[in-house]
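Undergrad: A single structure is presented below for examination.
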Amino acid sequence: MSDLPTARPEEVGLSTQRLQALGARLEERIAAGHLPGAVLMVLRRGRVAWQAAYGRRDPAKPYPMRPDSIFRIYSMTKPMVSVGVMMLVEEGRLLLNDPIGQYLPALARMQVATPGGGTVPAAAPITVQDLLRHTSGLTYEFLGNGPVQQAYNAAKVFRHAQTNADQVATLGSLPLAHQPGTRWEYSRSTDVLGRLIEVLSGLTLGAFLSDRICRPLGMADTAFQVPPAKQGRLAEGFAKDPETGADQVLLPVTQPPQFESGGGGMVSTAADYARFVQMLLEGGRFRSTRLLSRKTVDLMRADHLGDRPADPVLLGEGWGFGLGFAVRRGPGLVPTPG
């Protein structure tokens, strides 16, 4: 269980009544069959003001959800890998404007797809900054059915039976969707950053994140695998999507993976991830542990896109992108609160 400090909601400026309303809404969605269960944790001023578990941990079994249930966190892996890269930047191991081909030669001479079905040489190299802000020209195979996405699927870019090095080699043999540095597109950029960490550190990605981030922050349940002793806490999803009826296949996490996806392969708990987020909120430090300088976190939170175009569905008006996560460009520009 979490050892984070707690407070009554009103002690930190929150409302018990309104937090209860959040829980009631989750219970409605669970009763409607929209999701099996959920864990809700709300922190303010460094203290847990609300924590509750709802529904079932596994829809096929009668076990209730618990606050310490372990979830596949998918793309919430990306900020952790991005922090790892910035730790290496602070250590002088690389610069943001370094071409990635300097460290990963398979990505040194990329081709870019053209509308006519051909390719042209990349006009500029992919930089580390491009990977962190998703302007590398890489894409995701599930974001469309264009020639590049088709090539990704044919090459089985996302397969479990490969190493991080294997995936980078495959990506290097395929065309980019856009010229590097010109457009934001959500992509396998962070998978590439995971391999970059391996090359620079001499460790597997999982070992680096464990040694440099998870262990110092006390994130005991965050990793690329759920060990046998903890598998009774693993949250599972529906066999079929409740809205579309499509079969659902979740990331296999009960065995040590060959491919440690920096873009989406980790598991964690609400309490573990709260420690990581609190570290960012406090400018790179959690309690007595400092992972990054305050100025580095400020740089990560800044908008690095400028006027570059972006996918309007995934990154709508009012949003920019920093080094590892989306950022709001200003109050009132985004229709959702936050």
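The values are calculated or read from the model by the stated rules, or taken from the named source; none is laboratory data. All figures in this text were calculated on a predicted structure; none of them were measured in a lab. Neighbour counts are summed over all protein chains in view; Cβ atoms, including those assigned to glycine, are modelled from backbone coordinates with ideal geometry. Side chains included, ligands, DNA and RNA excluded: accessible areas come from the protein's heavy atoms. Shrake-Rupley method; radii C 1.70, N 1.55, O 1.52, S 1.80 Å.
Undergrad: GLY324: net charge of surrounding residues, Cβ under 10 Å, Lys/Arg +1, Asp/Glu -1, itself excluded?
TA: On the way: positive: LYS78, ARG133, ARG301; negative: none.
Computed value for this residue: +3.
Undergrad: Oh, and also: Go through GLY245, PRO228, PHE259 and say which Cα lies farthest out towards the positive end of the charge dipole of region 220-267; charges sit on Cβ, +1 for Lys and Arg, -1 for Asp and Glu.
TA: PRO228
Undergrad: Also, I was wondering about something else. Using only Cα positions of region 216-264, each an equal point scatterer, no hydration layer, compute I(q)/I(0) via Debye at q = 0.23, 0.26, 0.28 Å⁻¹ and quote the log10 values to two decimals.
TA: -0.99, -1.08, -1.12
Undergrad: Let me know the Kirkwood hydrodynamic radius for region 1-127, please, with Cα pairs as the basis and the value in Å to one decimal.
TA: 19.4
Undergrad: Probe of 1.4 angstrom, ligands and nucleic acids ignored: what's the accessible area per residue over region 20-177, in square angstrom?
TA: I get 46 Å² per residue for region 20-177.
Undergrad: Continuing with the same structure: So what's the net charge close to GLY206: Lys and Arg +1, Asp and Glu -1, counting the other residues with Cβ under 10 Å from its Cβ?
TA: -3
Undergrad: Still on this structure, I have one more. Just to confirm a number: summing +1 for Lys and Arg and -1 for Asp and Glu over residues other than PRO312 whose beta-carbon lies under 15 angstrom from that of PRO312, what do you get?
TA: Net local charge, PRO312 excluded: -1.
Undergrad: Among GLY101, GLY137, GLY324, which one moves the most in a GNM of the chain with springs linking Cα atoms closer than 10 Å?
TA: Top of the fluctuation ranking is GLY101.
Undergrad: While we're on this one: Which of these, LEU19, LEU193, LEU234, has the largest mean-square fluctuation under a Gaussian network model of the chain (Cα springs below 10 Å)?
TA: The residue with the greatest mean-square fluctuation here is LEU19.
Undergrad: Keeping to pairs on different chains or 8 or more places apart, tell me how many lysine pairs in the chain have Cα atoms under 24 Å apart.
TA: Here the count comes out as 6.
Undergrad: Right, another one. Counting only helical runs of four or more DSSP H residues, what would the 222 nm mean residue ellipticity of the chain come to if each run contributes -39,500 (n - 2.57) and the total is spread over all its residues?
TA: -8000 deg cm²/dmol
Undergrad: Report THR77's accessible area, 1.4 Å probe, all protein chains in place, as a number in Å² to the nearest 10.
TA: THR77 exposes around 0 Å² with every protein chain in place.
Undergrad: How large are Rg and Dmax for the chain when calculated on the C-alpha trace, in angstrom?
TA: In Å, with Rg to one decimal and Dmax whole: 20.5, 62.
Undergrad: How many Å² of accessible area per residue for region 185-259, probe 1.4 Å?
TA: The answer is 46 Å² per residue.
Undergrad: Only four residue types carry charge here, +1 at the Cβ of Lys and Arg and -1 at the Cβ of Asp and Glu. Report the dipole size of the chain about the Cα centre in Debye, rounded to the nearest 20.
TA: 660
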